Amino acid sequence: RGPPVDLRGAEAALKHACRSSDPAAAVAALRGIARARWPEANGLGAAEWAARLDAPELERAIEGAQRAAYAAETAGWEGAALWQIYRGVRRSGRRQNGGARTPPLPSLYPAR
């Protein structure tokens, strides 16, 4: 389980790992991002949280980083694509509920 993870720090680690094309560091940073975003979901893998965000392109990019991280030779992995996809998904505001935005407060006049 471990201590709480700072989302900004984990995202900075992902950015650095992607820029230096280090798939093992990228996978570790992705785990940190998952722990920061969903601390209650202990053990949630990066591919699972990409699925929660309804982001198939991010899911594929994460799977590519994981394959490269555990391969004998990691020289061919380019992290720039993963970082761009992650930033796009983050900026789009997709949420874990299938892409719909959740209002920050409940309605003042709920339907009866």
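The values are calculated or read from the model by the stated rules, or taken from the named source; none is laboratory data. Note that the structure is a prediction, hence the values are computed from the model and not measured. Backbone-built Cβ (ideal geometry, glycine too); neighbour counts: all protein chains shown. SASA here: full protein model, heavy atoms, side chains in, ligands and nucleic acids out. Shrake-Rupley method; radii C 1.70, N 1.55, O 1.52, S 1.80 Å.
The table for this structure:
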read-out: Accessible area, probe 1.4 Å, largest first, for residues GLU11, GLU40, GLU48, GLU63; value: GLU40, GLU48, GLU63, GLU11
read-out: Linear extension gain, GLU57 paired with ALA24, 0.36 nm per residue minus alpha-carbon span; value: 9.9 nm
read-out: Spherically averaged projected area of segment 1-92 from its Cα convex hull (nm²); value: 5.5
read-out: Accessible surface, per residue, of segment 11-54 when the full set of protein chains is kept, probe 1.4 Å, Å²; value: 45
read-out: Local electrostatic count, ALA47, Cβ distance below 15 Å [Lys/Arg +1, Asp/Glu -1]; value: +1
read-out: Sum of side-chain charges, ALA29 neighbourhood, beta-carbon under 13 Å (Lys, Arg +1; Asp, Glu -1); value: +3
read-out: Carbon plus sulfur fraction of accessible area for segment 12-83, probe 1.4 Å, in percent; value: 51
read-out: In Hz, Karplus ³J(HN,Hα) per residue of segment 56-69 (6.51, -1.76, 1.60; θ = phi - 60°; x = Gly, Pro); value: x, 5, 5, 4, 5, 5, 5, 4, x, 5, 5, 4, 5, 5
